[in-house]
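These notes concern the structure reproduced below.
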Amino acid sequence: MKNFLLSQRKKGDIHKPLLKKENRNINDIFSIYETRRINLDFTVQFKNIWYQLTEVQPVTVRAKEKVVVETWLDGTIHFKLKEHVLNFTILPERPKREKVNPIILTTHKLNYKPSADHSWRKFNLAKA
């Protein structure tokens with residue numbers, strides 16, 4: 001307590017200068033943080049603006065993962081996943097949903113019906 005009172009009596013600026021590491025992280029310190037989910041098409045919506053994550057990222061990105069959205073004091077937006085800043089582009093509007101048929105790896109027709117003499121047709125539920 002005595003040191004505190006002595007420091008109050010001294011005149012002048014008693015603030016310490018920031019370290020280099022602290023100076024680099026000043027934007028992280030004064031950011032507003034929110035979380036968002038990555039959609040199946042690797043888009044993120046934040047404040048009615050759609051962002052498309054690019055294919056090249058510093059970390060593996062999966063759909064449905066949660067990202068941290070940082071809003072810096074200058075108003076810029078940054079997405080972070082596992083402490084890595086993600087690359088993105090701003091979309092002009094909400095992306096349109098495309099109806100895509102699922103990829104099926106099979107050798108037979110999709111609407112396969114067994115033949116009349118197939119073993120499945122010989123099974124009788126009444127006897128069982």
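The values are calculated or read from the model by the stated rules, or taken from the named source; none is laboratory data. Because the structure is predicted, anything quoted here is derived from the model rather than measured. With ideal geometry, Cβ positions are generated from the backbone for all residues, glycine too; neighbour counts draw on all protein chains shown.
If you scan segment 54-92, which residues turn out to be among the small types (G, A, S) and closer than 13 Å to V44 by Cβ? Write out each step before concluding.
Taking segment 54-92 as the starting set, the residues that turn out to be among the small types (G, A, S) are 63, 75.
Listed by number, the list holds a single entry, A63.
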Expected single match for in a helix (DSSP H, G or I) and modelled with pLDDT under 90 among R94, R121 is R121
When restricted to V61, V68, V44, the only residue surrounded by 13 or more Cβ atoms within 10 Å (Cβ to Cβ), assigned to a loop (DSSP other than H, G, I, E, B), at pLDDT 90 or above and within 11 Å of the chain's Cα centre (by Cα) is V61
Pairing a residue in segment 6-28 that is under 17 Å from E70 (Cβ atoms) and in a helix (DSSP H, G or I) with any residue that is modelled with pLDDT of 70 or more and acidic (D, E), where Cβ atoms lie under 9 Å and the two sit 6 or more apart in sequence or on different chains, gives N27/E70; N27/D74; D28/E70
Selection over segment 29-41 where residues are in a loop (DSSP other than H, G, I, E, B) and either aliphatic (A, V, I, L, M) or closer than 16 Å to P95 by Cβ (or both) yields a count of 4
Over segment 47-58, the set of residues surrounded by 13 or more Cβ atoms within 10 Å (Cβ to Cβ) and not in a strand (DSSP E or B) is Q57
